[in-house]
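S.K.: Please find one structure pasted underneath; my questions will follow.
Coordinate-derived values only; no laboratory data. Note that the structure is a prediction, hence the values are computed from the model and not measured. Reconstructed Cβ throughout: ideal geometry from the backbone, glycine too, with neighbour counts over all protein chains shown.
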Amino acid sequence: MNYSHLTQEERYQIYTLLREGFSIRHIAFRLARAPSTICREIKRNRNRNGYFAKHAHKLAKKRHASNHKTIDSSLWKEIESYLALQWSPEQIASHVFISMHSIYRYIQRDKMKHGDLYLHLRFRNQRKKKYGSLETRGKLNNRKSIHDRPQIIEQRLRFGDLEIDTIVGKNHQQSLVSIVDRKTGYLWLKKCNTRKSQDVCKTTVDLLHPIKAQLQTITADNGKEFSLHEQIADELGIEFYFADPYSAWQRGSNENTNGLIRQYIRKGSDLNEYSDEYIAEITQRLNHRPRKRLGFKSPSQVLFQEHGVALQMLI
């Protein structure tokens, strides 16, 4: 007997019979299928709350679509347009009817043909920053430790708990101020002409002032560029905290986002080569890119849908 895939009608029968308490063997008998087929179907296509026919059929169809020969060329064009926006295959798969493994295979085949789609993937072989060297930046006055922050911040339950950092340019002359909301992952990014605390302070206040009423806290590393932290806190009406030295993981949202920014601005680049318009485009791309931890919604979507913050206020 030739094997054939389960139909949607059969999946609805499986769902109904399971709800009525029938065994897998009885279901297999009713559908004239092997018990192993029914068992495999339930195991592979259930969700955390049980087996549901509609969800199971959707998963099965998506899995079967992994054969690239059956995928329409127009869909590959759409996928290439997402790759051009530097979406990962996993993020693309959350929006189109195809598996991320098929997308990776498609990119690999393109590379073997001397194509350039692979250049849109994130580079993971960059040399890691070394931690633990002697601190030479001096002390910050009146700093509040991250250990004094309210516990609610760790839970990422509210908008307005921010992390801030600077991305340094060539010869440590210029910098980018990078600010990320811990819950939504929303990014604010702006160029500074210098790394001086006065410039960093002004840039930070200018970026966040339109929504100061909705802000709660901000957490930084121990760079001297944040020596005017008290002024920032006063002008924005928020609490300013500092992470422990050599503890980048305490500002994980910021560190991860900076890694995404490095996809567009290489380490050691002359920041004068990047226009304000280009920086704004990077910011928009990252804020509209779907994130796995947000259920494949983008930071912009979550910010508007769950917190009612209009994007016009953030520009």
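S.K.: At what distance in nm do the modelled label points of Arg143 and Arg105 sit from each other, each positioned 7 Å from its Cα along Cα→Cβ?
M.R.: Reported label-point gap for Arg143 and Arg105 is 5.1 nm.
S.K.: Quick one: 3J(HN,Hα) in Hz for region 152-162, Karplus 6.51/-1.76/1.60 with θ = phi - 60°, rounded, Gly and Pro as x.
M.R.: 4, 5, 5, 8, 6, 9, 9, 7, x, 9, 10
S.K.: Compactness ratio of the chain: Cα Rg over 2.2 N^0.38 Å, N = residue count? Before the final figure, lay out each step's value.
M.R.: Details: Rg = 25.0 Å, N = 315, 2.2 N^0.38 = 19.6 Å.
Relative to the 2.2 N^0.38 Å estimate, the chain comes out at 1.27.
S.K.: With a cap of 11 neighbouring Cβ atoms within 10 Å, and only residues DSSP puts in a loop, list the trypsin sites (Lys or Arg not before Pro) found in region 82-123. Working shown, then result.
M.R.: Numbers: sites: Arg105, Arg109, Lys111, Lys113, Arg122; in loops: Lys113, Arg122.
Of the trypsin sites (Lys or Arg not before Pro), the ones in loops of region 82-123 whose Cβ has at most 11 other Cβ atoms within 10 Å are Lys113, Arg122.
S.K.: Over the Cα atoms of region 192-298, each weighted equally, I'd like the Debye log10 I(q)/I(0) at q = 0.14, 0.18, 0.20 Å⁻¹, rounded to two decimals.
M.R.: Log10 I(q)/I(0), no solvent term: -0.71, -1.21, -1.44.
S.K.: Would you mind ranking Asp161, Asp244 so that the residue whose beta carbon has the fewest other beta carbons within 10 Å leads the list? Mind showing how you got there, number by number?
M.R.: Values: Asp161 26, Asp244 13.
Least to most surrounded, the residues fall as Asp244, Asp161.
S.K.: Now for a separate question. Assuming 0.36 nm per residue, please report the length gained on full extension of the stretch Leu157 to Leu260 beyond their Cα-Cα distance. Intermediate values should be presented prior to the final figure.
M.R.: Values: separation 103, 0.36 × 103 = 37.08 nm, distance 2.34 nm.
Gain in length upon complete extension: 34.7 nm.
S.K.: Subtracting the Cα-Cα distance from 0.36 nm times the residue separation, let me have the gained length for Arg48 to His172 in nm, one decimal. The partial results should precede the final answer.
M.R.: Details: separation 124, 0.36 × 124 = 44.64 nm, distance 4.98 nm.
Net length gain for the segment: 39.7 nm.
S.K.: Taking amide H positions as placed 1.01 Å from N in the peptide plane, with prolines and chain starts having none, which residues 5 or more places from Asp161, or on another chain, fall under 5 Å of its amide H?
M.R.: Sorted by chain and number, the residues that satisfy this are Arg182, Lys183, Gln216, Thr217.
S.K.: A further question on this structure: What does the extension gain come out to for Thr16 and Arg30, with contour length at 0.36 nm per residue minus their alpha carbon separation? Please list the in-between numbers first.
M.R.: Values: separation 14, 0.36 × 14 = 5.04 nm, distance 1.19 nm.
Length difference between fully extended and current span is 3.8 nm.
S.K.: Among Met100, Met112, which comes first, second and so on when ranked by fewest other beta-carbon atoms within 10 Å?
M.R.: On the way: Met100 15, Met112 9.
The order, fewest Cβ neighbours first, is Met112, Met100.
S.K.: Could you work out the per residue convex hull volume over the alpha carbons of region 154-212, in cubic angstrom?
M.R.: Details: hull volume 4.8 nm³, N = 59.
Spread over its residues, the Cα hull of region 154-212 gives 82 Å³ apiece.
S.K.: Modelled label-to-label distance, Arg293 and Gln8, 7 Å Cα→beta-carbon offset: nm?
M.R.: Reported label-point gap for Arg293 and Gln8 is 3.6 nm.
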